[in-house]
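The values are calculated or read from the model by the stated rules, or taken from the named source; none is laboratory data. Source: prediction; values computed, not measured. Ideal geometry is used to build each Cβ from the backbone, glycine not excepted, and the neighbour counts take in all protein chains shown. For accessibility, only protein heavy atoms count, side chains too; no ligands or nucleic acids. Shrake-Rupley method; radii C 1.70, N 1.55, O 1.52, S 1.80 Å.
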Amino acid sequence: MNLSSLDLIIVALYAFSLLSIALWVSREPAGQTKDTEDYFLAGRSLPWWAIGASLIASNISAEQIIGQSGQGFAVGIAIAAYEWQAAIVLLVVAKWFLPIFLKRGIYTMPQYLDQRYGHGVKTLMSVYWIFLYTAVNLTTVLWLGGLAVTSLTGWPVLYAMAGLAAFAALYSLYGGLKAVALTDIIQVVILIVGGVIITWLALNQVSGGDGAVAGLSRMAEEMPEHFKMILDKDHPAYSDLPGIWTLLGGLWVLHFSYWGFNQYIIQRALGAENLAEAQKGLAFGAFIKLLIPLIVVIPGIAAVIMAEQGVLDAGALAEKSDRTYGELMGFAPSGLRGLVFAALIAAIVSSLASMMNSIATIFTMDVYKARVNGRPESHYVLVGRIAALSAIAIAVLLAQPFIGGFESGFQTVQEYSGFIAPGVVIVFLYGFFWKRMSTEGAFAVLLGSVAFNIVLKFGMPDVPFILRIWLVTLACLAVGIVVSLVTSKSDFETSEERRVLSFATDTTFNAMGAIIVLLLVGTYIVLW
């Protein structure tokens, strides 16, 4: 179903307003130019409400809205575990991890690894994150966003992706993180309003016009299997959401990797006015995360009954569940459809802009500046803009051949991110809590994370990927300890500078050992 003239006017007003505000907040006083702190960290001046809103706008992108709505249609409420567990992780990160990062005054996550483990680990992770954000995250957001735009406009998906990429670049390249973070406030408001509209329309349709509450009651009565948080082993989606392991296993590893040590998430907190503002911002983001399933997953579940009613295209949804949100948007009446479409565009372009800015930050500060030093600040800002533009152009070309063949874009992101997530989490946690963790141990954990994942993926293909991530995490925990203990301590590892990068005590290692034993025993008992 195409957009009406009224819908197009609403979308145009949204785009014009966003661009105008982005340019306005990006202004510099007369005679001043942006330096790297202004461009990459918003001058370290972000208040808590901007941080929290930007966290959600960066996270709730095409793979979240389209992917989780599709999973709601195919699986049910169990996919909401991703959102509700994330809220808990955000509070942990705010309380214990942010103080370390802000105390160091870093621009990027690799810079902490540089201070803690040395240049080699920093370079390895810088290259990895640039590759992941470009080849997996950007491409997935573009592909799923392009599908949604195509479903409403009829444009070829490549043109839709190019349009989204151009819009994101247009409002973010000049202003940097400040433009992205402050306009994200608008994006979140539009996103939530649009999500509430879709949810109400879908539930009201399910109830036959008796209201949203009646629609939700009917869904719970007629589709109890879609409201199970713990899936049975014979469930078709068990490989993606493996029962109790969804709540106890590798999903926590994915969350800590994403919310605790992910550049394009933590970068907002690094740009905070102070620690208190950063912590309040993450707490605000955690609160909003609790609400997301209500406006994303619930409409997907409602689409099952709407397809049975003939309101939605059952054949298209059965062929590819990622089409669910696009079908729901088409169901909205003229005017409201434009607002919902603007909300989806807001989610897509805010995530694209955030990833572009993070790619630019890592490339400029960790790769380029480490080799080309002593240039004016304006030079590094220009390099960052070129890096961001190059990344989004590459992603447009890669999106269709790389992501288009997968059944679920959301699960694709989790799958590929999971290859390194155990290594990332352990390297940071050992860096925080265990002073003996060595550079060799960090390399072993990071490389072992990929190697163990490959072995289990192809050697034991029936093991669900969330369980696989948990098993790899346990293996990497052991590898980090063994390699660090058998390697000799360098002067750097025993220096006072190294010790202040963590808050470990002399009893930490014993406590960690006991925890690892308990994890191993618990895993064996549950598997048995």
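Taking 7 Å steps out from each Cα toward its Cβ at Ile244 and Ala166 produces label points 5.4 nm apart. Our note on the geometry: Cα centres of segment 285-363 and segment 442-487, 34 Å apart. Protection proxy ranking, highest mean first, for peptides 441-447, 94-100, 175-181: 175-181, 441-447, 94-100, where packing is the per-residue count of other beta-carbon atoms within 10 Å, averaged. Ignoring lysines fewer than eight residues from Lys122 along the same chain, the ones with Cα atoms less than 25 angstrom from its Cα are Lys95, Lys103, Lys369, Lys435, Lys489. Note on the chain: with neighbouring protein chains present and a 1.4 Å probe, carbon and sulfur make up 68 percent of its accessible heavy-atom surface.
Near Leu46, the amide H atoms lying under 5 Å from its own belong to Ala272, Glu273; only residues 5 or more places off or on other chains count, and H is placed 1.01 Å from N.
Peptides 262-274, 49-61, 75-87 ranked from most to least packed give 49-61, 262-274, 75-87, packing being the mean of other C-beta atoms within 10 angstrom over each peptide's residues. Taking each residue as 0.36 nm, the span from Lys228 to Gln32 lengthens on full extension beyond its C-alpha to C-alpha distance by 64.9 nm. Reducing segment 104-160 and segment 64-93 to their Cα centroids gives an inter-centroid distance of 20 Å. For segment 359-379, backbone nitrogen atoms closer than 12 Å to the point 7 Å from Ser390 Cα along Cα-to-C-beta are found at 360, 363-364, 367-369. For the chain, the solvent-accessible area of protein heavy atoms averages 38 Å² per residue (probe radius 1.4 Å; ligands and nucleic acids excluded). Within segment 265-368, all pairs of alpha-carbon atoms sorted by distance into 5 Å bins from zero give the percentages 2, 10, 13, 15, 16, 12, 11, 9, 7, 3, 1, 0. Applying 0.36 nm per residue to the separation of Ala276 and Ser4 and subtracting their alpha-carbon distance, the gain on full extension is 93.3 nm. The label point for Phe458 and the one for Val372, both projected 7 Å from the Cα toward the Cβ, are 3.8 nm apart. Rg of the Cα atoms in the chain, relative to 2.2 N^0.38 Å, amounts to 0.96.
For the chain, what does the helix formula give at 222 nm: sum of -39500 (n - 2.57) over DSSP H segments with n ≥ 4, over the residue count, nearest 500 deg cm²/dmol?
It comes out at -23000 deg cm²/dmol, rounded to the nearest 500.
Ranked by the mean number of other Cβ atoms within 10 Å of their residues, highest first, the peptides 214-224, 466-476 fall in the order 466-476, 214-224. Rounded, prolate or oblate for segment 1-121? Axes are the square roots of the Cα gyration tensor eigenvalues, ordered a ≥ b ≥ c, and the cut-off for rounded is a/c under 1.5. In terms of gyration-tensor shape, oblate.
Length available on full extension from Val196 to Trp155: 0.36 nm per residue minus the Cα-Cα distance, which gives 12.1 nm.
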